[in-house]
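Reviewing the structure listed below.
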Amino acid sequence: MSLLEIRNLSVEFETAHGLFRAVDSVDLEIDQGEMAAIVGESGSGKSVSMLALMGLLPWTARITADRMNFDGKDLLTISQKERRKIIGKDISMIFQEPMTSLNPCFTVGYQIMEVIKEHLGGTRKELEARAIELLGLVGIPAPESRLRAFPHQMSGGMNQRVMIAMMIACNPRLLIADEPTTALDVTIQAQILELLQDLQHKRGMALVLITHDMGVVAETAEVVNVQYAGQQVERQNVVDLFAKPQHPYTYALLSALPERATGKRLPSIPGVVPGLLDRPTGCLFNPRCQFATDKCRSTPPALHSKVLCHYPLVDGKPTNNHPGVSGPGSSGQGSSGQGSSGQEALGGNV
Amino acid sequence: MIRFILTKLGLLIPTFLGVTLVAFSFIRMLPGDPVELLAGERSVSPERHAELMAALGFDKPLWEQYFSFLVGILHGDLGTSFSSKQPVLEEFFVRFPATIELATCAIIFAALIGLPAGIVAAVKRGSAFDHTLMGISLTGYSMPIFWWGLLLIILFSSPDMLGLTPVSGRISALFWVDTETGFMLIDSLLSDEKGAFRSAAAHLVLPTIVLGTIPMAIIARQTRSAMLEILGEDYVRTAKAKGLSPFRIVGIHALRNALITVITVIGLQVGVLLAGAILTETIFSWPGIGKWMIDSISRRDYFAVQGGIVLIASIVMLVNLLVDFMYGLINPRILHRRS
Amino acid sequence: MSQVQNTLDQNETPQTEAPKTISPFRQQMREFWFYFSENKGAVAGLFFFLFVVLVAVFADIIAPHSPIEQYRDFILIPPAWQEGGNVEFLLGTDPVGRDLLSRLMHGARFSLYAGCIVIVISLSIGVMLGLSAGFFRGMYETIVMRVMDVILSIPSLLMALVLVAILGPGLRNAMIAISITYLPHYVRLARASAVAESARDYVTASRVAGAGTWRLMCITILPNCMAPLIVQASLSFSTAILDTAALGFLGMGAQPPASEWGTMLAEAREFILSAWWVVTFPGVAILLTVLSINLMGDGLRDALDPKMKRS
C-alpha cells in the first residue's frame, strides 16, 4: 500500500462567474522514500491539489475524490481535529514565499518550538535543544543565536531554511514543497534543493515537489506528474519523461528548456493557461498545441496509457492516426503554431 | 529606545508651546472683563478696577503676560481659579481621578466587547453574526452620546422602568468615603462602609457604557478589518499547515499581528474619550475634569480654562507618545530597526 | 475590443484611469454606482438620507404645525398611540405645547445645514492649506502642520466650546468652531496627497510644460486626491451633525426657540423621567440621520477606494 494515494481528485471554486474547476481528476501515488514532482505553468492547479490534501483551502472550495488516503487514513472523511494531528506532523508543507510565510511577530525559535510542542510535546529545554538541532540540520550557522531572531532580520534563503526546519521538526513522512525556490536567488535555489534532497535521503521521507522548472525536475524527482489547467496530462518516471515525452505539452515544456534550444530563439508555448472565462472546448491544451486537430477542438481526450491526449507523441511525432503524420508534410504543420507570436517563454518564466 | 523617546518628546515641544499660546490667546479673546466677572453685581470704581487688573497681571503688555504664563507653567503654577480661589492645578488634580476612573472603565468596557466581537466577525466573515455586529457597531459609532445617556437613564434608572442604577454622581450620599486615591472604586473598598463599593460600582455602570460606546464601535470595526487582512496572510496558512488549533491560529498568530493596529487605535481614542467625557460627565453630574471645564467656560473662569486646556492637551500628547512607544514595543519590525 | 479593455482597466483603478478615458464621467458614475449599490446598507442609508433632505426642504409644507407655535392647552401631550394622545400631535407636544413632529421636521434643516456648512468651510480651507503646505514645503509647511498638531491635541469638543465662548453662542458660531476643529484631517490628507503626487511624472510633465503653480495645485494634483477627501467629507458630515447637536445640548449651539435637535434635547432634559417622548424622538432623529450618512460613507469608501474594494 502506498503512503499517499490520491485518485480522481477534483477541486472546484464557487466564483461570481460560476463554478471554476481548478483541479480536474488528478491522481497521485507516492511511497515511503519516493520523490515525485508536479510540473506545470502558473495556474495549472499544482498547489491547489496539494493544499486540498492539507485541508488548507478556503471554505469556498469543493473537494471531491474517489480516494485520498494517507497511511491508511481516509483524508476525505477525517474530522478537522484528526486532520490537525496529521498535518504538520506526518504531512507537512513548505511554501513559496519564505518572507511572508513566517509570522513577523514571533521569533524563529518560537515558531519552530511551537509545532514540536503541538505534536510531540516536551519541556522548554527539550524543545529548545531540538530547535537548535533542527536549525543546524538545515544549515543555519550559529543556530543558538538565531533562535531569538525575528524573520525580518534574516534573508529569504535563511527564512526558507527556517521554514524547512519547522516543517521537518516532527519527522514527517511526507513533505510537500510548493515551489520552495521560486522566490530565492539562483545560487540559493540550488542549495535549498540540495538540502531538501539530502533530508529526503537521510530520513526516508516521501517528497512531493511542486515546480514549474523542468530543470529542477530533472535533478531531483523520480516520478513526474505534468499538470495543465488542472488536469494531469502525463505521468512518467523522470528518465522516460525527458527521453520520450508523450504529451505535446510536456514536449513543448521540454523544448522550452534553454539547454535543449537548437535555434537562435528560445522556443516558447504561445498563449497562457486558460482561466475561468476562456476555457476551450475539447482538449484544454488545444489552443496552444502545435498538433491540434478538429477532434482535439471538439472532444476531450481520454487517458491513453497515462497520457491525456488523442495523439500521444512518440519521438516528437503524434501517433494514433494523427492526420498530420500520415503524409510527409507533417513537419510544416507542426511548426506553424509555434513561435509565431510567443508571448511567454516558459524558460524565461523560471 | 531612549533616544527614540527623547526625539519624540523633542518634537512635542513646539506643539506644547503652540497649545500654551492658543490657550493664552483664547482666554484673552473671551468677551467680558475679568474684574467685572469677579465683582459680580457689585459696582467697581475705576481705580479699584485698575488695581484688580494689575493684581491679576492683565495690565502688563501681552508678551510679558505670556512669558510669565510660561514661567508659571514651568513652576507648576497655572494661576488661581476665580470661582474657587484655589490654584488651578490643584482644582484639576482633585477632579482628574474621577475622569481617569471613568475613562479607564470605558476603554476597558470598549475593548472587552469590541475586540472579541471584531475577531469573531472577521473569522465568520459574511455570516449573520458579522452583519449584525457591523450594524450594531455602526449604530454605536453614529450615537449622539448625550442622548444615549438620557435614554439609558430612562431605561435603567427610571423607577417606572427598571430602576436599577443611580442617575448621577459617583457614590450614594449615604456613604462617606475618605479620599485616599481619588478613585472611588478603590477608596470605597478601602473604607469600612458596607455597600460603598457596590454603590460606587453601580454609579459607574451607565457613564461607562455611554462613554465607551463610540470607542467600542471603533475598536470592533478596526479589529475586524485588521483581522480580515491578516487572516489572508501567508503566515496564517503556515500556522494552519503546522496543524495548530483554530484557537491558536486566530488567538495567537493572527491576533498578535492585529494587535499592532488595534492598540494604536485604542490609544488614539483618548482624545475621543476626553471629548466624550465632557458630555458624559455633564449628563451624569460626574465630578471630573470634563464637567469642570464646562462649568469653568460658562463661568468665564479665565485661568481655569487656560490651565485646563494646557493640561488636557498635554495629557493627549503624552498618551499619543505612549501609543507611539507601545507601537514600537509590540511591532518587532520597528523595535529592532532602532536597536 | 478596446471598449472592453477600457472597462476592465477602469475596474482595476478607477481614480487614476479617470482622466485618460474617453467619456470618463459617465463611465465613472456607472462604475461608482455598481460598487455602491453592491452595499445594501449604503443604498438604504442613501434613501433615508434623501428622505431627510426632502423633509427638510419641504418642512414648511408638510409639517402639520408651526415649529414655534405654543398650544397652551396641549402641554406635554404624549404621542398619538399612547393613552391621552391626540391625533393632532402625532408625536406629542413639548413642555410649552409645541408639536414635536413639526419641530423635528424643521430641525432637520438645522442639522443638514450645519453639516453642509461645516464641510464646505473645513474642506475648502483645509484642502487649500494642505495642498499649499505639500507644494511649497519648507518653513510654511512646518508652521501649518504644527498648528494642526496643536488643534488635534485639544479634544475637539473642548476646542469648539472655547471657540463658541469667544464668538458667542449660536448656530453660526458653532459651525465655525466645529469647522476649525475638523481642519487638521483635511490638511493632513491633502498635504500627504500633494507630497506624494508632486513626485509623480505627470506633475513634472505639466511643470515642464509650463503649468503655473496654481494650475498645478488645483487642476493637476487636486483631482487625484479627491477620493480620500470625499470619504473624509462624508465622515465629517455625520460628526458635524453630532457635534452641532452636542453643542446645542450644552447650550452653546443653536439657541431656543430654534428647533435644532440638540437644543430640543437640552430643553427636554428635565422631563426625562416624566415625558419620555420629548427626550426620545429628537435623539432618534439625530441617530438615524447620522447612521444613514455613515452607511452611505461606508458605501462611498467601498466604491472609491480601490484597495478596500478588492478585499
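A few points about this structure:
- Some residue of the range C:295-311 being within 25 Å of residue C:130 (Cα to Cα), under 15 Å from the mean Cα position of the chain (by Cα) and either outside any helix (DSSP H, G or I) or not charged (D, E, K, R) (or both): yes
- Filtering the range A:45-93 to residues that are within 19 Å of residue B:233 (Cβ to Cβ) and part of a loop (DSSP other than H, G, I, E, B) leaves A:55, A:56, A:57, A:58, A:59, A:60, A:88.
- Filtered residue count, the range A:1-22, keeping only those that are touching an Asp or Glu at 6+ places or on another chain (Cβ under 8 Å) and either open to solvent by less than 50 Å² (accessible area, probe 1.4 Å) or not in a strand (DSSP E or B) (or both): 9
- Taken over the range A:92-112, residues that are open to solvent by less than 20 Å² (accessible area, probe 1.4 Å) and more than 7 Å from chain B (Cβ to nearest Cβ) amount to 6.
- Which listed residue, of C:290, C:279, is open to solvent by less than 40 Å² (accessible area, probe 1.4 Å), closer than 18 Å to residue C:156 by Cβ and facing another protein chain (nearest Cβ under 8 Å): C:290
- The helices (runs of 4 or more DSSP H) found wholly in the range B:186-289 and carrying at least 3 residues that are under 30 Å from residue A:50 (Cα atoms) and within 14 Å of chain A (Cβ to nearest Cβ) occupy B:196-231, B:234-241, B:255-267.
- Tabulated pairs, the range C:281-298, first over 15 Å from residue C:115 (Cα atoms), second outside any helix (DSSP H, G or I) and polar (S, T, N, Q), C-beta under 9 angstrom, 6+ apart or interchain: C:282/C:259; C:295/B:142; C:295/C:39; C:298/C:39
- The residue of the range B:144-159 that is most open to solvent (accessible area, probe 1.4 Å), among those that are touching a Gly at 6+ places or on another chain (Cβ under 9 Å) and touching a residue at least 60 places away in the same chain (Cβ under 8 Å), is B:148.
- Top-ranked residue of the range A:68-89 - restricted to ones that are facing another protein chain (nearest Cβ under 9 Å) and touching a helix residue (DSSP H, G or I) at 6+ places or on another chain (Cβ under 9 Å), ranked as nearest to residue A:189 (Cα to Cα): A:88
- Residues of the range B:290-324 satisfying the condition of being open to solvent by less than 30 Å² (accessible area, probe 1.4 Å) and either without any contact (Cβ under 8 Å) to a residue 12 or more places away in the chain or assigned to a loop (DSSP other than H, G, I, E, B) (or both): B:297, B:301
- Taking the numbered list (1) under 26 Å from residue C:46 (Cα atoms); (2) facing chain B (nearest Cβ under 8 Å) in turn, residue C:232 passes all entries but (2).
- Sole residue being within 14 Å of another protein chain (Cβ to nearest Cβ), open to solvent by less than 50 Å² (accessible area, probe 1.4 Å) and touching a helix residue (DSSP H, G or I) at 6+ places or on another chain (Cβ under 7 Å), chosen from C:265, C:216: C:265
- Qualifying residue in the range C:164-177 (condition: open to solvent by 40 Å² or more (accessible area, probe 1.4 Å), within 11 Å of chain B (Cβ to nearest Cβ), within 30 Å of residue B:23 (Cα to Cα) and part of a helix (DSSP H, G or I)): yes
- Just so you know, in the range C:141-163 the residues that are closer than 16 Å to residue B:27 by Cα and touching a residue at least 60 places away in the same chain (Cβ under 8 Å) include one that is farthest from the other protein chains (Cβ to nearest Cβ), and it is C:160.
- Residues considered: B:162, B:133, B:174. Of these, the only one that is touching a residue at least 24 places away in the same chain (Cβ under 8 Å) and within 14 Å of another protein chain (Cβ to nearest Cβ) is B:133.
- Single residue of the range A:270-308 satisfying the filter (on the phi > 0 side of the Ramachandran plot and either of a type in the set (Gly, Ala, Ser) or outside any loop (DSSP other than H, G, I, E, B) (or both)) that is surrounded by the fewest Cβ atoms within 10 Å (Cβ to Cβ): A:305
- The numbered conditions (1) in a helix (DSSP H, G or I); (2) modelled with pLDDT under 80; (3) open to solvent by 50 Å² or more (accessible area, probe 1.4 Å) are all true for residue B:35 except (3).
- Residues satisfying the stated conditions in the range B:71-96, i.e. open to solvent by 30 Å² or more (accessible area, probe 1.4 Å) and in contact with a strand residue (DSSP E or B) (Cβ under 8 Å, 6 or more places away or on another chain): B:77, B:80, B:86, B:87
- Qualifying residue in the range B:105-125 (condition: out of contact with any helix residue (DSSP H, G or I) (no Cβ under 7 Å at 6 or more places or on another chain) and not in a helix (DSSP H, G or I)): no
- Hits in the range C:145-158 - residues which are within 22 Å of residue B:11 (Cα to Cα), assigned to a helix (DSSP H, G or I) and out of contact with any Lys or Arg (no Cβ under 8 Å at 6 or more places or on another chain): C:146, C:147, C:149, C:150, C:151, C:152, C:153, C:156
The values are calculated or read from the model by the stated rules, or taken from the named source; none is laboratory data. Since the structure is predicted, the reported quantities are computational estimates derived from the model, not experimental observations. Using ideal geometry, Cβ is built from the backbone for each residue, glycine included, and neighbour counts are taken over all protein chains shown. Surface accessibility is based on the protein's heavy atoms, side chains included, excluding ligands, DNA and RNA. Shrake-Rupley method; radii C 1.70, N 1.55, O 1.52, S 1.80 Å.
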